[in-house]
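No value in this document is a laboratory result; all are computed from the given coordinates. Keep in mind that this is a model prediction, so the values were computed, not measured. Reconstructed Cβ throughout: ideal geometry from the backbone, glycine too, with neighbour counts over all protein chains shown.
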Amino acid sequence: MKQVLSIASQAGPLLQAARKSARLSQTELAARLGLSQSRLSAMELNPGSINLDQLLALFSALDIELIVQSRQQHGDALQAGEPKRPEW
């Protein structure tokens with residue numbers, strides 16, 4: 001699986017898909033991480049509430065990794081249909 005994340009809300013569906021691909025229930029994954037099922041559900045529904053340590057722990061438990069790389073040239077990214085970056 002290869003997925004580009006541009007905004008935090010995209011992480012929820014990614015985490016859920018990776019968990020289901022690993023054939024894990026929320027309860028099973030939460031137990032591996034020492035969390036409650038309700039906390040894991042909240043993390044999938046509101047990934048903006050996850051800190052970097054938690055995200056990396058989730059990725060590790062799901063056997064996926066985070067790769068950071070430079071973005072494409074601005075024009076190429078827009079042509080590829082990527083959403084505009086939000087203004088902070």
For this session: Starting from the Cα gyration tensor of the range 10-50, take the square roots of the eigenvalues, sort them a ≥ b ≥ c, and report rounded, prolate or oblate (rounded when a/c is under 1.5, otherwise prolate if a/b is larger than b/c, else oblate).
Result: oblate
Seminar exercise, completed: Between the modelled labels at V68 and M1 (7 Å from Cα along Cα→Cβ) the distance in nm is 2.2 nm
Problem set entry | Size of charge dipole - the range 8-78 - debye, nearest 20, with Cβ of Lys, Arg +1 and Asp, Glu -1, no other charges | 180 debye
